[in-house]
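Have a look at the structure below, then the notes.
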Amino acid sequence: MDIYFFNIINSFAGRWWALDWLGIFLANYLGYFLVAIAILILIKEKDRRRQIYFFSLVMLSVIISRGIITEIIRFFYYRPRPFLVLEIKPLISHISTASFPSGHAAAFFALALAVFYFNKKVGWWFLISAVFMGLARIFVGVHWPSDILAGMIVGLGSVWLVRFIFKIER
């Protein structure tokens, strides 16, 4: 199934320069904009308690998802990236580290859900952006669909875990 869905999504790569450009932007650069917007949300918040809540939820969730859970999984389970297995040329350069789960998906789904808990309207845009980023990482040839799905589960689960452990409420 993974190869099937990967081939469908990745088959559009290299056909149109505009689509390739969009895929590269979403896979590599969209994250910088999301982080910048999250920082603006933090700065614009006047209530100090809500500011601390937002900062804590985002930072703890991202650190747990990307820095801890993803790395533990990768330590015990190595999965090669699609460009190594299928001998395709990815649209972006990437080192040959483990592919599963996607660190990008884990971090940006954690960020997106944390923003959603803080501001639902903006949070929906973050969640949609994280989905597009995940699809773009498949499109450019650096992740399998299951890598993105697992990263999404890790990211969303880490936000839930932080809120549960620390009983963080708004």
When the gyration tensor of the chain is built from Cα positions, what are the square roots of 5 times its three eigenvalues, in whole Å, from largest to smallest? 30, 18, 11
Two pseudo-spin positions, 7 Å from Cα along C-beta at R49 and at K89, lie apart in nanometres by 5.8 nm
In region 36-101, carbon and sulfur make up what percent of the accessible area (probe 1.4 Å)? 69 percent
At 1.4 Å probe size, put L42, L22, L34 in order of accessible surface, largest to smallest. L22, L42, L34
Straight-line reach from K120: which lysines fall under 17 Å, measuring Cα to Cα and dropping same-chain residues less than 8 apart? K44
Could you check the simple spin-label distance between I153 and W125, using points 7 Å along Cα→Cβ, in nm with one decimal? 3.1 nm
Applying the Karplus parametrisation 6.51 cos²θ - 1.76 cosθ + 1.60 with θ = phi - 60° to the phi angles of region 26-36, what ³J(HN,Hα) value in whole Hz is obtained for each residue in order, glycine and proline being reported as x? 5, 6, 9, 10, 4, x, 4, 5, 5, 5, 4
Using heavy-atom solvent-accessible surface (probe 1.4 Å) with all chains present, what is the largest-first order of M152, M1? M1, M152
Given L34, I92, F118, which one lies farthest toward the positive end of the charge dipole of the chain, if we put +1 on the Cβ of every Lys and Arg and -1 on the Cβ of every Asp and Glu? F118
Quick tally, 1.4 Å probe accessible area for T97, T70, sorted with the most first, runs T97, T70
Taking 7 Å along the Cα-to-C-beta vector as the label spot, tell me the V35-I165 distance in nanometres, rounded to one decimal. 2.2 nm
Per residue accessible area in Å² of region 94-170, where ligands, DNA and RNA are left out and the probe is 1.4 Å: 42 Å²
Quick P(r) readout (region 1-86; Cα-Cα; 5 Å bins; whole %) gives 3, 10, 12, 15, 16, 15, 13, 9, 6, 2, 0
Could you run the Karplus curve 6.51 cos²θ - 1.76 cosθ + 1.60 with θ = phi - 60° over region 109-123 and give me ³J(HN,Hα) per residue in whole Hz, x for Gly and Pro? 6, 4, 4, 5, 5, 5, 5, 4, 5, 7, 8, 4, 4, 5, x
Output ³J(HN,Hα) for region 41-55: one whole-Hz value per residue in order, computed from phi by the Karplus curve 6.51 cos²θ - 1.76 cosθ + 1.60 with θ = phi - 60°, and x for Gly and Pro. 4, 4, 5, 6, 5, 8, 6, 4, 5, 5, 5, 5, 4, 4, 4
Under the rule of -39500 (n - 2.57) per DSSP H run of 4 or more residues, summed and divided by the residues of the chain, what mean residue ellipticity at 222 nm is obtained, to the nearest 500 deg cm²/dmol? -21500 deg cm²/dmol
For A18 and F76, FRET efficiency with R0 = 30 Å and r from the beta-carbon atoms, rounded to 0.05? 0.15
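The values are calculated or read from the model by the stated rules, or taken from the named source; none is laboratory data. Because the structure is predicted, anything quoted here is derived from the model rather than measured. So basically every Cβ, Gly included, is an ideal-geometry build from the backbone, and we count neighbours across all protein chains shown. Note: accessible area is taken over every heavy atom of the protein model, side chains too, but ligands, DNA and RNA are not part of it. Shrake-Rupley method; radii C 1.70, N 1.55, O 1.52, S 1.80 Å.
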